[in-house]
Each structure stands twice: as C-alpha cells, then as structure tokens.
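Visitor: So that we are looking at the same thing, I have put the structure below in structure tokens.
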Amino acid sequence: MNHSTTKVGSETSEPLRYISKAEAEAIESELLKEYRFGPQQLIEIWGHACAIAITKAVEVEEVVEVLVEEVVEVVEKQSTSNTHSWRRRAYPLSSMGRKQPTVLVVCGPDQNGCIGLVCARHLRMFEYEPTIYYPKRSSNGLHQDFTVQCEKMDIPFLSYLPTEVQLINDAYHLVIDAILGLEADPANVKEPYAGMLVTLKQVKIPIVSVDVPSGWDVDEASTEGINPEVLISLTAPKKCAASFTGKHFLGGRYLPYDIQKKYDLNLPEYPGTDCLIEL
C-alpha cells in the first residue's frame, strides 16, 4: 500500500516542499530521538542512495551516448567542430562511458564526509573505482568505522589533492562532493576546505554534490561554491536546491509518514521499490 499522496507530474498533487536548514535539523533530531533511528543507520541509507543515484545518472548518459554516436556518424560529415560541441552539451557525464569508471570522492569532516565514505564503499561493490580524499580524519568512532570499512575494501586514500586541475581531469571521470553539509557556514569555510573548493571549482569533469553543494547557503540559492552537474538531495530537498537546473535526485526512501505529514513535505511517489527518484 502506498501512503504517499503526491505523484510526480500529477496535476492535482501538492508541490514538493524545499525545506530550511532548521527543518532539516529538526527532522533528523526527531528521527534519532523519537523514532530511534541510529546515526550509522541513517548515514548508511543516505550513502547507499547516493551510490545508486550515481549509477542511475551514468546509465542514462550511457544510453544517450549510444544514440548520440549514431547521430554523430551522419552529422560529422557536415561539420566536425559543431558536432563535438553539441555532443558535450548532450551528455555532460560522457566521460563516464567505461564500465569501471574512476571516481574521486572528496570527504569533509562532518556528516557529509561520512556519507561520502559509505557512497564510495557501495560504488566499489558496484565495480566502480573510487579514490577517497579525506584530509582531516575525525576522531569520532563512527567516522573511523566507515574509514576502516573503505580501507578493508582496498579503496585508496589520497594524501593530498592536486592543485593542478588537469591532473584531476586526467585521472578521474567524476568528482563526488561530500565536503560541506548542513553544519557548514559557507561564509566561514576554513582550510583545507577553502582551498579544496577553489580547486574543484576549476575542474572540467562532472561533479556530483551530496545534499548541499559545498559553499552554498542551505536556505537560499547561491552562485558561490561548487557548481555541480548532479545534486543528490537526501530526506527532502533543501531550499537552496529550488533553482538548481542540473540533474536532481531525491534519495533515501525511509521517512516515516507521520513526519512527512507533520512537515508537509509532499514527497513524490517513488517508482516501484526504488530508494530514489529523479526530480
């Protein structure tokens, strides 16, 4: 039985709500205290949803790539330069065409960093080739557990992030931005994260941001910070995502219906048994 009253594309449905930072924190607190969810449980759900979203984005682009290649064979005879420019616009994740793409997962010190670690582990299980950059490892036991799990799966950790952007472009097909999240103050980003944002804003390969693009204010649209091609909102999309124009996923199909109703979230109806949906 589907308890959701909202359907994507339904003319009679209420619009999906974009929640504030305060609402997101209140929902998480309620989940932990009243519904007895565990922090590790939530992070595992979110990290798995992020990994699934990345594979979905790649699958769609690979199908488009095949179609584009067929069209290019015809168009190429007329204008080679115009064709190449059009192809780049047609599928921004075209660099992910290999079956085992290399992915750089950049993790911050707080919850988003943990989600990035879990995402990397699941991507490894999906036969991707993740590499993690985690410059300030937390002393928190939960962070340490997720770090050990990645190490035991032979996921490499970088000792530094190259400042020469071309090295990143050449070595990886995709960057996962799991640096700053709800806890961060975009007006007061300290090192090494400020320098990391400067570097990542210059990369040419696609970026996927977890929940909130690093450097963005949670409560309003931002032109600062990272500009991702893909955004994976978790639990419910945040206010800053309302004007996002890239590929946008909502992940984490777990929220109790009473909470959905209490906060008037109007979440979309997920297809079948999927744990995420493209908005």
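Visitor: Tell me, what is the FRET efficiency for Lys136 and Leu167 to the nearest 0.05, using R0 = 22 angstrom and their Cβ-Cβ distance as r? Let's see the in-between values first.
Guide: Values: r = 22 Å, r/R0 = 0.98.
Between Lys136 and Leu167 the formula returns 0.55.
Visitor: Quick one: putting +1 on the C-beta of Lys and Arg, -1 on the C-beta of Asp and Glu, what dipole do you get for the range 188-268 around its Cα centre, in Debye to the nearest 20? Could you put the intermediate results ahead of the total?
Guide: Details: 9 positive and 9 negative charges, 46 e Å.
Its charge dipole is roughly 220 debye.
Visitor: Continuing with the same structure: Please compute the length gained on full extension between Val198 and Asp274, using 0.36 nm multiplied by the number of residues separating them and subtracting their Cα-Cα distance. Write down the numbers at each step before the final one.
Guide: Details: separation 76, 0.36 × 76 = 27.36 nm, distance 3.54 nm.
Gain in length upon complete extension: 23.8 nm.
Visitor: Check which residues have an amide H placed less than 5 Å from Tyr133's amide H, if you skip close sequence neighbours.
Guide: Here the answer is Val105, Val106, Cys107, Leu158, since their amide H atoms fall under 5 Å of that of Tyr133.
Visitor: Can I ask one more? Over the range 201-251, what relative contact order in percent results from Cα pairs under 8 Å that are six or more residues apart? Let's see the in-between values first.
Guide: Working: 93 pairs, mean separation 18.7, N = 51.
Taking the mean separation of contacting Cα pairs over the length of the range 201-251, I get 37 percent.
Visitor: Of Lys21/Lys136; Lys201/Lys261; Lys201/Lys247, which sit over 29 Å apart, Cα to Cα?
Guide: Details: Lys21/Lys136 24 Å; Lys201/Lys261 38 Å; Lys201/Lys247 18 Å.
Over 29 Å Cα-Cα: Lys201/Lys261.
Visitor: Given axes a ≥ b ≥ c from the Cα gyration tensor, I'd like to know whether the range 203-256 is rounded (a/c under 1.5), prolate (a/b larger than b/c) or oblate.
Guide: Numbers: a/c = 2.25, a/b = 1.42, b/c = 1.59.
In terms of gyration-tensor shape, oblate.
Visitor: Label-point separation (nm) for Lys262 and Gln149, each offset 7 Å from Cα along Cα-to-Cβ?
Guide: Placing both labels 7 Å along Cα→Cβ, they lie 2.6 nm apart.
Visitor: Starting at the first residue of the range 28-39, write each ³J(HN,Hα) from the Karplus equation 6.51 cos²θ - 1.76 cosθ + 1.60 with θ = phi - 60°, in whole Hz, x for Gly and Pro.
Guide: Per residue, the Karplus-derived 3J(HN,Hα) values read 5, 4, 5, 4, 6, 8, 8, 9, 6, 5, x, x Hz.
Visitor: About its Cα centre, how strong a charge dipole does the range 93-181 have in debye, to the nearest 20, once Lys and Arg get +1 and Asp and Glu get -1 at the Cβ? Don't jump to the answer; show the numbers that get you there.
Guide: Details: 7 positive and 9 negative charges, 29 e Å.
So the dipole magnitude of the range 93-181 works out to roughly 140 debye.
Visitor: For Lys21 and Glu129 in one chain, what is 0.36 nm times their gap in residues minus the Cα-Cα distance, to one decimal in nm? Intermediate results must be reported in sequence, preceding the final value.
Guide: Numbers: separation 108, 0.36 × 108 = 38.88 nm, distance 3.30 nm.
Once the chain is fully extended between Lys21 and Glu129, it gains 35.6 nm.
Visitor: Using amide H atoms built 1.01 Å from N in the peptide plane, name the residues 5+ places from Lys238, or on other chains, whose amide H lies under 5 Å from its own.
Guide: Residues meeting the criterion, in which the H sits 1.01 Å from N, are Ile19.
Visitor: Report the local net charge at Thr235: Lys and Arg +1, Asp and Glu -1, summed over other residues whose C-beta lies under 12 Å from its C-beta.
Guide: Neighbour charge sum, excluding Thr235 itself: -2.
Visitor: In debye, nearest 20: dipole of the range 138-279 around its Cα centre with unit charges on the Cβ of K, R (+) and D, E (-)? Could the numbers behind the result be given before it?
Guide: On the way: 10 positive and 20 negative charges, 30 e Å.
So the dipole magnitude of the range 138-279 works out to roughly 140 debye.
Visitor: Let me ask something additional. For the range 239-250, take each phi angle, set θ = phi - 60°, evaluate the Karplus expression 6.51 cos²θ - 1.76 cosθ + 1.60, and give the result in whole Hz per residue in order, putting x for glycine and proline.
Guide: Residue by residue, the range 239-250 yields 4, 5, 8, 4, 9, 5, 10, x, 6, 10, 10, 10 Hz.
Visitor: Rounded to the nearest 0.05, what FRET efficiency do Tyr160 and Ala221 give with R0 = 25 Å and r taken as the Cβ-Cβ distance? Could you check? Intermediate results must be reported in sequence, preceding the final value.
Guide: On the way: r = 32 Å, r/R0 = 1.29.
That pair, Tyr160 with Ala221, gives E of 0.20.
Visitor: What is the sum of charges around Ile207, taking Lys and Arg as +1, Asp and Glu as -1, for the other residues whose C-beta is under 12 Å from the C-beta of Ile207?
Guide: Working: positive: Lys201, Lys204, Lys247; negative: Asp177, Glu229.
With Lys, Arg at +1 and Asp, Glu at -1, the neighbours total +1.
Visitor: Using a probe radius of 1.4 Å on heavy atoms only, what accessible surface per residue do you get for the range 110-257? Whole Å² is fine.
Guide: Working: 6310 Å² over 148 residues.
Accessible area per residue: 43 Å².
Visitor: Which whole-number percent gives the relative contact order of the range 106-152, counting Cα pairs below 8 Å spaced six or more residues apart?
Guide: Values: 43 pairs, mean separation 20.2, N = 47.
Averaging sequence separation for qualifying contacts and normalising by length gives 43 percent for the range 106-152.
Visitor: Percent relative contact order of the range 224-263, based on C-alpha pairs within less than 8 angstrom and at least six residues apart? Present the calculation step by step, with values, prior to reporting the outcome.
Guide: On the way: 29 pairs, mean separation 16.9, N = 40.
This gives 42 percent for the range 224-263.
The values are calculated or read from the model by the stated rules, or taken from the named source; none is laboratory data. Please read these numbers as outputs of a predicted model, since none were measured by experiment. Ideal geometry is used to build each Cβ from the backbone, glycine not excepted, and the neighbour counts take in all protein chains shown. Side chains included, ligands, DNA and RNA excluded: accessible areas come from the protein's heavy atoms. Shrake-Rupley method; radii C 1.70, N 1.55, O 1.52, S 1.80 Å.
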